[in-house]
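Shown next, in structure tokens, is the structure this report addresses.
Read the figures in this text as sums done on the coordinates, not as results from a lab. Keep in mind that this is a model prediction, so the values were computed, not measured. Every residue, glycine among them, receives a Cβ derived from its backbone with ideal geometry; neighbour counts consider all protein chains shown.
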């Protein structure tokens, strides 16, 4: 399928030999896209027809429906999003806005006339979202949406109604005064010292030690970490320049600049981390610091990085946390070791230190104790007289990395059939382009691995001979 620029439609060759052009002209009440198409004998003719079809669809949009209190709230919401909101949004943010508007707001409130929408309508809508508004994965997260999502839907409704009031379509904004779920921060999951050690030990065995070491030393966002290039690192001074991010947009990886100017920043790495990266660089043949395992010319996919962390945490016996929680872990460690909030805000790339205080400041036991001792000294008390909770000695964990369930490519697979029988299988692609699997059997895992290794060597020799004979 040949794709035009975003919003320009698509062209593809049908099975009957004709070319078909298709363009999205809007969305229905359920949020699904509405399309129009055109047919032609050649691709050039189809592109011309598609251009004319797009122009005919855009012309009414420019005139729009007559704006007035008679138009429905759904019509105004769609008009507001496309004309006032969407042009300034990034692709990923557009997806989030469209999910809220076309899957929640318009299906529930879209048929109400704009001039008759009341505060009670909105309040009942927010209550319904909180109690039974989730459309997918209800068995995992429950029937209701989170407080944050409900507040986001309210923010969209309020902004659209503010604009309608500015245009003179309504006299007052019914969203003003609505009662919303309280604004509260999400509970942060922070790994302790032993879990960090276990994570890094297992990560070294998995071949991604440097990636997680750098994350735990800087607290970078996942997209920023995977967008790093070797040219961003000054090995002499330890300075690391952060000036791009990797995101997945419409099913494809995209490299872009960070969202705010504060996110473009320079960090100073500890020298042990720089030494680890210098040694790691000798084994990397890419300008990306953490290239994709499948393509050295592309950065690593953020989704694969998340899945890798999940596997490492499970094998290391650690709590299951998000990748973003490693950022929280770094913040906690930095604050415990005396970094001030203003400096942490600059390291994190926040516009304001208030953001850092609201999200990343975790009051730990150690910080409480230090604050209490400072008060004692100011009041003349002896800090030694305070009863301190006995802390266990800080020792390195004796954890040993556990092997993963996935085998390296080219080593075949081993399956246990029953208590006394193991099967080894090797299925390479031969010169004829087909796979010809070979099997061996043994009475123990060790014996099966030995026989499988011998069989792989024999099969490779046969394949080489077949290739030379061809």
Considering the Cα trace of the range 413-469, what is its radius of gyration and what is Dmax, both in angstroms?
-> 12.8, 43
Protection proxy (average C-beta count within 10 Å per residue), highest first, orders 123-136, 434-447 as 123-136, 434-447
Whole-number D in µm² s⁻¹ for the range 75-166, Kirkwood Cα-pair radius fed into Stokes-Einstein, 20 °C, 1.002 mPa s = 156
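Any idea what diffusion coefficient the range 205-269 gets from Stokes-Einstein, in µm²/s, Kirkwood Rh on alpha carbon pairs, 25 °C, 0.890 mPa s? Mind dumping the intermediate values first?
Working: Rh = 12.7 Å.
Calculated translational D: 194 µm²/s.
Is the range 171-233 rounded, prolate or oblate when judged by the Cα gyration tensor, a ≥ b ≥ c being the square roots of its eigenvalues, rounded requiring a/c under 1.5 and prolate requiring a/b larger than b/c? Please list the in-between numbers first.
Working: a/c = 4.97, a/b = 2.11, b/c = 2.36.
Cα axes put the range 171-233 in the oblate bin.
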Using a Förster distance of 45 Å, the FRET efficiency for residue 444-residue 16 (Cβ separation, nearest 0.05) | 0.15
Please give, to one decimal in nm, the separation of the simple spin-label points placed at residue 398 and residue 97, each 7 Å out from Cα toward the Cβ.
-> 5.8
Within 10 Å, count the other beta carbons around each residue, average over each peptide in 173-183, 74-84, 92-102, and list them highest first.
-> 74-84, 92-102, 173-183
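How do 11-24, 234-247 rank on mean C-beta neighbours within 10 Å, highest first? Walk me through the intermediate numbers first.
Details: 11-24: 14.5, 234-247: 16.6.
The most tightly packed comes first, giving 234-247, 11-24.
According to the Kirkwood expression over distinct Cα-Cα pairs, how big is the hydrodynamic radius of the range 193-379, in Å? Write out the running numbers ahead of the final one.
On the way: mean 1/r = 0.0566 Å⁻¹.
Evaluated on the range 193-379, it is 17.7 Å.
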